[in-house]
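Notes for the one structure printed next.
The values are calculated or read from the model by the stated rules, or taken from the named source; none is laboratory data. Everything numeric here is computed off the predicted structure, so don't read it as measured data. Here the Cβ positions follow ideal geometry from the backbone for every residue, glycine too, while neighbour counts run over all protein chains shown. Ligands, DNA and RNA are excluded from the accessible area calculation, which covers all protein heavy atoms including side chains. Shrake-Rupley method; radii C 1.70, N 1.55, O 1.52, S 1.80 Å.
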Amino acid sequence: MMNNAKAMTAAVLVATALMGGAATPASAADGARPVPPGAAVPFDPGYGTTWYSYDVAPLSSKSDASVRTLGRFEGDQVLCTWNKGGIQQCHVDGKNVVDFWVTPWGRVISTDPVVKAFAPVIRSFFSLATRLAIWL
């Protein structure tokens, strides 16, 4: 009986150690900087939501940016709202932002009008890829 208790305790400790990093939720600090008080933001985000400035990178880039872009994108940062559910909506001055999907590589957005025309098709590919990654 004592041998089983030791084996069970060891198994629980190993499982806890292995899953500790995987269970940690993503936070706003992942590549984000808080917008300073008094800075111009598109709107008041409301209770429990905050504006953050995120670095952006092309979808094909190997950087660790939390926001990825498809098509032409001018600039290297984007303003996004964040709450306990993660990044919510992103805004770029004077541009219509198309939000595609949240992938394992980050949120994917575009301001390119050519890419916007194919948004429904691109969303379905991201959806399928994410579902296949979960099932495998």
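Quick check on my filter: what residues within segment 47-89 are assigned to a loop (DSSP other than H, G, I, E, B), of a type outside the set (D, E, K, R), more than 19 Å from residue 105 (Cα to Cα) and open to solvent by 40 Å² or more (accessible area, probe 1.4 Å)?
Within segment 47-89, 47, 48, 75 qualify.
For segment 69-103, give me the residue count where each residue is of a type in the set (Phe, Trp, Tyr) and either in contact (Cβ under 8 Å) with a residue 40 or more places away in the chain or within 21 Å of residue 36 (Cα to Cα) (or both).
Residues meeting the conditions: 1.
Which one of these does residue 99 not meet: (1) under 10 Å from the mean Cα position of the chain (by Cα); (2) surrounded by 15 or more Cβ atoms within 10 Å (Cβ to Cβ)?
In the conditions (1) under 10 Å from the mean Cα position of the chain (by Cα); (2) surrounded by 15 or more Cβ atoms within 10 Å (Cβ to Cβ), residue 99 misses (1) alone.
If you check residue 63 against the conditions, is it in contact with a Leu (Cβ under 9 Å, 6 or more places away or on another chain) and under 17 Å from residue 33 (Cβ atoms)?
No.
Going through segment 92-136 one residue at a time, which ones are of a type in the set (S, T, N, Q), outside any helix (DSSP H, G or I) and touching a strand residue (DSSP E or B) at 6+ places or on another chain (Cβ under 8 Å)?
Of everything in segment 92-136, those that are of a type in the set (S, T, N, Q), outside any helix (DSSP H, G or I) and touching a strand residue (DSSP E or B) at 6+ places or on another chain (Cβ under 8 Å) turn out to be 103, 110, 111.
Test residue 106 against the criterion of being in contact (Cβ under 8 Å) with a residue 40 or more places away in the chain, open to solvent by less than 20 Å² (accessible area, probe 1.4 Å) and farther than 16 Å from residue 123 by Cα, and give yes or no.
Working: in contact (Cβ under 8 Å) with a residue 40 or more places away in the chain: yes; open to solvent by less than 20 Å² (accessible area, probe 1.4 Å): yes; farther than 16 Å from residue 123 by Cα: no.
No.
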